[in-house]
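Okay, structure first, notes after.
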Amino acid sequence: MTPRWSGEWAVEAPAEEPLVDVLIPSFGRPAELAVTLSGLAAQEGVPFRVIVSDQTEGEVASFTAPAVSAMVRVLEAQGRHIRLERHLPRRGLAEHREYLLGLAGAPFVLFLDNDVWLEPGSLDRMCKALRAAGCGFVGSAVQGLSYLDDRRPHERTELALWPGNRVQPERIRPGTAGFARWPLHNAANLAHAAADLAVPPGEWLLYRVAWVGGCVLFDREYLVECGGFDFWDQLPPEHAGEDVAAQWRVMERYGGAGIIPSGAVHLEAPTTVTDREIDAAHVILGQ
């Protein structure tokens, strides 16, 4: 299915079962959520459906905002199935992700934050890369484009490509060599790396990561086999790093990688995770 603007909208029936379930945990930020959905509406070449789970407290959910509703209608007019859920009370980030994972059934799941815009072609590129590599996940590191003039070569010294895009399992913990890769995803470092590497259109390179935040495509079977976010009940509601804990468990068994070019743009809205005292990776993995 390749929706096109033709002057009139005609609802298209989905031609095939989705390859990807796009899972969006949402809290507040209706304007940013609308932009996130607009990026999905521009994706082609991959059958996908969208599941938004909103935890905005009060009587009105974020997806009732006019701009969000408009983008939901666009996706539906393209023949995309979109499911809107309210999931309260809030029990923490890990529980919210585990809830979304339980609603998914497609072979791949994309955990996409509600403040990330995907450039056209990103989802297709990530899916092709994950299929070719056969690893546990491929992540598009979100880029803050307000930093395009802020080059930080000293933060890219740890950039290491996977030879031949063949990803291998590895163990990441604080103190290991791989942990030192975390500055790679600061500012617009990956945008600068993509420009320097001059990746031809339609191609990609996979590189070694410490972890990837905001936009990660998993092989759903591998993620579930590694436990997903089943550790949520071992954490207090206020925590961070749940995505790191899940990725490290998948990386140890199946490997994980970042992709260049990224194609994921961070909207640079204020964070909704203000209490980061409890680090899920530390609690769950004992590091």
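No value in this document is a laboratory result; all are computed from the given coordinates. What you see is a predicted model, and the numbers here were worked out from it, not measured in a lab. Reconstructed Cβ throughout: ideal geometry from the backbone, glycine too, with neighbour counts over all protein chains shown.
Below, the figures for the structure above:
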quantity	calculated
Fewest-first ranking of Tyr147, Tyr207, using other Cβ atoms within 10 Å as the exposure measure	Tyr147, Tyr207
Table column - 3J(HN,Hα) (Hz), region 170-183, Karplus curve with 6.51, -1.76, 1.60, x for Gly and Pro	7, 9, 10, 8, x, x, 7, 4, x, 5, 5, 7, 4, x
Proxy reagent accessibility, fewest Cβ within 10 Å first, across Leu40, Leu88, Leu205, Leu112	Leu88, Leu205, Leu40, Leu112
Interchain or long-range residues, amide H under 5 Å from Leu205's placed H	Ile260
Burial order of peptide ranges 117-130, 239-252, 91-104, 191-204 (average beta-carbon count within 10 Å, highest first)	239-252, 117-130, 91-104, 191-204
Local electrostatic count at Arg173 - Lys and Arg +1, Asp and Glu -1, tallied over other residues with Cβ under 14 Å	0
Fraction of alpha-carbon pairs over 33 Å apart in the chain - percent	18 percent
The chain: most fluctuating residue of Pro30, Pro261, Pro107 per GNM, C-alpha cutoff 10 Å	Pro107
Value of Rg/Rh across region 11-130 [Cα atoms, Kirkwood radius]	0.94
For region 94-247: rounded, prolate or oblate by the Cα gyration tensor [a/c cutoff 1.5]	prolate
Farthest positive-ward along the chain dipole, Cα basis, beta-carbon charges - from Pro47, Ser26, Tyr207	Tyr207
Among Thr157, Thr64, Thr271, residue whose mean-square fluctuation peaks in a GNM of the chain (springs only between Cα atoms under 10 Å)	Thr271
The chain - share of DSSP beta bridges that are antiparallel (%, nearest 5)	40 percent
Around Ala34: net Lys/Arg minus Asp/Glu count, Cβ-Cβ under 15 Å	-3
Whole-Hz ³J(HN,Hα) from phi, Karplus 6.51 cos²θ - 1.76 cosθ + 1.60, for region 100-109, glycine and proline x	4, 4, x, 8, 8, x, 6, x, 10, 10
Convex hull volume per residue for region 178-270, taking Cα atoms only, in Å³	127 Å³
Region 91-109 versus region 225-287: alpha-carbon centroid distance in Å	13 Å
Residues Glu225, Glu158, Glu32, Glu59, sorted so that the one with the fewest Cβ neighbours within 10 Å comes first	Glu59, Glu225, Glu158, Glu32
Under the Karplus curve 6.51 cos²θ - 1.76 cosθ + 1.60, θ = phi - 60°, whole-Hz ³J(HN,Hα) for region 53-63, x wherever Gly or Pro sits	10, 9, 10, 5, 7, x, 7, 10, 7, 4, 6
